[in-house]
1. Pull out the extension gain between Asn60 and Ala79, defined as 0.36 nm times the separation in residues minus the alpha carbon to alpha carbon distance; nm, one decimal.
2. Going highest first, how would you order 51-61, 199-209 by mean Cβ packing within 10 Å?
3. In nm, give the distance between the simple-model label positions of Lys10 and Asp112, each being 7 Å from the Cα along the Cα-to-Cβ direction.
Amino acid sequence: MRPINLLPEKHRPRGSTPGEGAGGIVALGVLGGLLLAVVLFVLSANQLSSRKDDLTRTQNETKQATAQADALKSYGNFAEIKQARVLSVRDLADGRFDWERAMRELAFLLPDEVWLTAADASLLPDATVVAGSPGAIAGPSLHVVGCARRQPDVAVTLLRLRRIHRAADVTLAESTRAQDAGEGGATGSAVDEGCGENFQFDATVAFEAAPVATPPGEKDPVPAKLGGGS
């Protein structure tokens, strides 16, 4: 027997019709897509804004660093000037020659039968003086003229002159007596009557252009008798 619904039409439950549920699903899909697009847009906008903020902060930091560098530039220039002056003073110190020590050593090294009548020194020796020696040395030089009782005393003097600190070569220009030069009829000789019957010699001591480097941890003390410490 077929059931009869006695409720009015408006109060009766409605049944689903074919195709009615598909429209709702499509609407939900569209709304989900729109929501996803909005979320992606917001995230992209936030990321772009964050990167702009990072760029602005980086530019500000760069400006601050540049300002600090400009403020400290004068100190950097001062440091460069100081370093240049230190190098200049060091070069001058390295180029100095201890003539006082050389004179003290010369006084100690001369034999008893030898004495000097003239001496002069130069930081740049005459090229003609050193040219004849093996291996020309463009360093300081000491030119001495003196007298000796005998020729062997002159030889000993030349050997001792080589013992002067930083001495590299000793050149003998002449060693003779005035009377021998007169008897031989020599002309243009540098020998004069200052030594009498003794031998007069003319020698040049050539020194190293730069002091020999002292190994690290070692010292090159000057003896006390030459003006150094004890």
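FYI, it's all coordinate maths here, none of it is from the lab. The model shown is predicted, which means the values in this text are computed figures rather than measured ones. Cβ placement follows ideal geometry from the backbone for every residue including glycine, while neighbour counts extend to all protein chains displayed.
1. 4.0 nm
2. Highest-to-lowest ranking by the protection proxy: 199-209, 51-61.
3. So the label points at Lys10 and Asp112 sit 15.7 nm apart.
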